[in-house]
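In what follows, a structure is listed as structure tokens, so that the remarks can point back to it.
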Amino acid sequence: MKIKSPRNNEVWSGTTITGIIRNEKYYGDAVFGKTYTLDPISKKRVDNKGDADMYLLENHHEAIIDKELWDKANTCLEYRSKMRKENNRDYALDFKGRYPMSSKIVCGYCGSSYSRRSHN
């Protein structure tokens with residue numbers, strides 16, 4: 001569709017798409033307190049990993065997609081992440097990469113998959 005990424009790039013990165021899929025604002029909720037100011041003098045902000053309170057406001061705004069679709073997309077992401085972390089060989093063989101042989105050739109010694117490399 002030739003839609004540019006949020007940073008005005010022609011090609012969308014995987015992390016940008018993952019960030020969109022994981023963002024609760026798309027189904028109408030809002031989470032406040034994801035980050036907090038560590039030091040008011042330096043104004044350094046850090047991610048909140050349970051150190052400060054976080055607040056969920058449900059139905060904060062009109063949803064773009066329904067919650068069911070959002071949950072399905074996040075379940076898919078979690079499954080893929082789990083399979084990669086477990087180094088599941090059968091999953092790697094089924095994964096469709098960028099090139100025809102991506103993740104199809106596996107090292108018999110360590111079990112990791114070979115990948116194509118290009119250097120300019």
message: Being more than 21 Å from the chain's Cα centre (by Cα) and aromatic (Phe, Trp, Tyr) is the filter here; which residues of the range 1-54 pass it?
response: TYR36
task: Please enumerate the residues belonging to the range 10-33 that are under 20 Å from ALA63 (Cα atoms), out of contact with any Asp or Glu (no Cβ under 7 Å at 6 or more places or on another chain) and not in a strand (DSSP E or B).
output: THR16, ILE17, THR18, GLY19, ILE20, ILE21, ARG22, ASN23, GLU24, LYS25, TYR26
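Quick test for you: out of GLY14, GLY28, GLY19, pick the one residue that is surrounded by 12 or more Cβ atoms within 10 Å (Cβ to Cβ) and within 28 Å of ARG80 (Cα to Cα).
Among GLY14, GLY28, GLY19, only GLY28 is surrounded by 12 or more Cβ atoms within 10 Å (Cβ to Cβ) and within 28 Å of ARG80 (Cα to Cα).
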- request: Considering (1) touching a helix residue (DSSP H, G or I) at 6+ places or on another chain (Cβ under 6 Å); (2) within 30 Å of VAL106 (Cα to Cα), say which one ILE64 fails and leave the rest.
  value: (2)
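No value in this document is a laboratory result; all are computed from the given coordinates. Source: prediction; values computed, not measured. Cβ: placed from backbone, ideal geometry, glycine included. Neighbour counts: every protein chain shown.
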